[in-house]
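Engineer: Mind looking over this structure? Questions follow.
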Amino acid sequence: MEFEQAYESFLTRHIERRTGERKGRLLSRNFHAEKLFLRNVWWPLKGNLEDLHPEYEIMDWRGRSYFADFAWTPSGAPVFLWEIKGFAKHVRDMDRNGYSGELNRELFLQGLGYRVASFAYDDVEGRPELVITLLRLLPSQFQGDVLPVKLDALAEREIIRMAIRLARPFRPVDVTRHLSINYRTTMKHMNSLVVKGWVRPVATGNGERIVWYALAKEGLAFYLD
């Protein structure tokens, strides 16, 4: 099924299921930014519009209704809220109260267990490949791989994730503690990562002893792939 056909079916299905304001919003808006997100980002990423809900109504901390651009409700994962934000409405023309309210709403929703992600309209329009790359990281934390994955590959990916979160050089003992493995297994993974070029050793003193390791750009690229 082509995107346009899938999109029309998707929108019609949700209109038929809704009543009141929830239905009215689907009938009255042009959905330019939202449709662009689906065409440029979501369709290339997923190839379908399943488990997506447009104009998803939720309540903010003041008890007021708020409609997120999309909710994505995959099985076995939290509800993700996707927001496409234009610079004019959400930055240039926003006053202090609006800015504060937007941040408070996102914090409140995160506290309720939603995973909220906002995308710049300019990126959705002009750099969708970047949005796809970054968006792929969120669901991957909650969804298992369909194909079998070797434990060594999982360990190496987790070491890279640890390095990204630390944002500094790290020691083998950091890996040992993080993965609850012994030193010998740690060094097996570290040597493998060095050979692949995903981390690089950082020499200390006279340069003969390797105590620290740093994430290489190739390692970050691998994690984002």
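All of the numbers you see were taken from the coordinates with simple rules; none came from a lab. As the structure is a computational prediction, the values presented were derived from the model and not from experiment. Cβ coordinates were reconstructed from backbone atoms using ideal geometry, including for glycine residues, and neighbour counts include every protein chain displayed.
Engineer: Enumerate the amide H contacts of Val202 below 5 Å, restricted to partners 5 or more residues apart or on another chain; note that Pro and chain-start residues carry no placed amide H.
Structural biologist: Val211, Trp212, Tyr213, Ala214
Engineer: Compactness ratio of region 1-158: Cα Rg over 2.2 N^0.38 Å, N = residue count? Before the final figure, lay out each step's value.
Structural biologist: Working: Rg = 16.9 Å, N = 158, 2.2 N^0.38 = 15.1 Å.
This ratio for region 1-158 stands at 1.13.
Engineer: Quick one: how many lysine pairs in the chain have C-alpha atoms under 20 angstrom apart, if they're 8 or more apart or on different chains? It would help to have the intermediate numbers written out before the result.
Structural biologist: Numbers: Lys23/Lys35; Lys35/Lys46; Lys35/Lys85; Lys35/Lys89; Lys150/Lys188; Lys150/Lys196; Lys188/Lys196; Lys196/Lys217.
Lysine pairs, 8 or more places apart or on different chains, close enough: 8.
Engineer: In addition: If you average the C-alpha positions of region 169-225 and of region 1-29 separately, how far apart do those two centres end up, in angstrom?
Structural biologist: Value for the Cα centre distance between the two parts: 50 Å.
Engineer: Can you work out ³J(HN,Hα) from phi for every residue in region 45-59, in order, using Karplus 6.51 cos²θ - 1.76 cosθ + 1.60 and θ = phi - 60°, giving whole Hz and x for Gly and Pro?
Structural biologist: So the J values, rounded to whole Hz, are 6, 10, x, 7, 10, 5, 6, 9, 10, x, 6, 7, 7, 9, 10.
Engineer: What are the semi-axes of the equivalent ellipsoid of region 151-224, taken as the square roots of 5 times the eigenvalues of the Cα gyration tensor, listed largest first and rounded to whole Å?
Structural biologist: Semi-axes (√(5λ), whole Å): 17, 15, 11.
Engineer: Quote to one decimal, in nm, the extra length available between Glu21 and Asp51 on full extension: 0.36 nm per residue of separation minus the C-alpha distance between them.
Structural biologist: On the way: separation 30, 0.36 × 30 = 10.80 nm, distance 2.10 nm.
Between Glu21 and Asp51, full extension yields 8.7 nm more.
Engineer: Classify region 75-124 as rounded, prolate or oblate from the Cα gyration tensor: take a ≥ b ≥ c as the square roots of its eigenvalues, call it rounded if a/c is under 1.5, otherwise prolate when a/b beats b/c and oblate if not.
Structural biologist: Numbers: a/c = 5.19, a/b = 1.46, b/c = 3.54.
The shape class here is oblate.
Engineer: List the relative contact order of region 151-224 as a percent without decimals, with contacts defined as Cα pairs under 8 Å and 6+ residues apart. Don't jump to the answer; show the numbers that get you there.
Structural biologist: Values: 85 pairs, mean separation 24.6, N = 74.
Normalised by residue count, the contact order of region 151-224 is 33 percent.
Engineer: In addition: Restricting attention to region 94-202, which trypsin sites (Lys or Arg not before Pro) occupy a DSSP loop and are surrounded by at most 13 other Cβ atoms within 10 Å? Provide the component values of the computation, followed by the final result.
Structural biologist: Details: sites: Arg96, Arg105, Arg115, Arg136, Lys150, Arg157, Arg161, Arg165, Arg177, Arg184, Lys188, Lys196; in loops: Arg136, Lys150.
Those that pass, being in a loop and sparsely packed, are Arg136, Lys150.
Engineer: Evaluate the distance, in nm, between pseudo-label points positioned 7 Å from the Cα of Asn104 and of Thr204 along their respective Cα→Cβ axes.
Structural biologist: The modelled label-to-label distance comes out at 4.8 nm.
Engineer: Quick one: Karplus J couplings for region 160-174, per residue in order, coefficients 6.51, -1.76, 1.60, θ = phi - 60°, nearest Hz, x for Gly and Pro?
Structural biologist: Running phi through 6.51 cos²θ - 1.76 cosθ + 1.60 with θ = phi - 60° gives 5, 4, 4, 5, 5, 5, 6, 6, 6, x, 9, 9, x, 5, 5 Hz.
Engineer: Of Val202, Asn97, Leu27, whose Cα points farthest to the positive end of the dipole of the chain (charges on the beta-carbon: +1 Lys, Arg; -1 Asp, Glu; origin at the Cα centre)?
Structural biologist: Val202
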